[in-house]
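Only the coordinates and a few stated rules stand behind these numbers; no lab work does. It should be emphasised that the depicted structure is a prediction, and the values quoted were computed from it without experimental measurement. Here the Cβ is made from the backbone with ideal geometry for all residues, glycine too, and neighbour counts use every protein chain on show.
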């Protein structure tokens, strides 16, 4: 038996695993950005652009996100053209503080999930050379996380500030903390902030 035939598949597997480890190691939570979401100045919620649009918002109580023609175009672009990882493909997502549940609608089928099933709201960056896509997901206590929203591709800081407004609104309704995971593959001078800052 040829030595290459025996060792070759294992060498390829080792390279793939090494690449995956590097990607995950370079991603990490950024506590400064989490502090900015919690206490800092971010964009107004109606400035957000992504796979769902803000249709109705009652701060700390109710938020409805719905897909229209522009958001549908962005979902199709992400899914079939450029690809940005796992996709958020809901037609409508409603966070209802009075019912303590999130309603997820896809193709006229709805599902209600209680807030108690989740431990945090997470913003996760998927970065390119000059732009980023920010994903917002609910961190599940049991099973996979629930990705419900992705931003449009834009400058990583501007995209963060716009997407953070939605994450903060969801956090306030669900009474959950916001986690921010930054993609370390991209270095932007001076951003994200590396040192803790005092926010008044």
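Computed FRET efficiency, Cβ-Cβ of residue 116 and residue 155, R0 41 Å: what is it to the nearest 0.05? Taking R0 as 41 Å, the efficiency between residue 116 and residue 155 is 0.65. Annotation for the stretch 112-134 versus the stretch 143-158: alpha-carbon center distance of 5 Å.
Rounded, prolate or oblate: which fits the stretch 28-183, taking a ≥ b ≥ c as square roots of the Cα gyration tensor eigenvalues, rounded meaning a/c under 1.5, else prolate when a/b beats b/c? List each step's numbers first, then the result.
Details: a/c = 1.42, a/b = 1.09, b/c = 1.30.
Rounded shape, in that the Cα axes give a/c under 1.5.
Ranked for footprinting exposure by Cβ neighbours inside 10 Å, fewest first, 163, 105 give 105, 163.
Residue order for 168, 111, 129, fewest other beta carbons within 10 angstrom first, comes to 129, 111, 168. Panel order for 139, 133, by other beta carbons found within 10 Å of each beta carbon, from fewest to most: 139, 133. Once the Cβ-Cβ distance of residue 99 and residue 131 is raised to the sixth power relative to R0 = 35 Å, the FRET efficiency obtained is 0.45.
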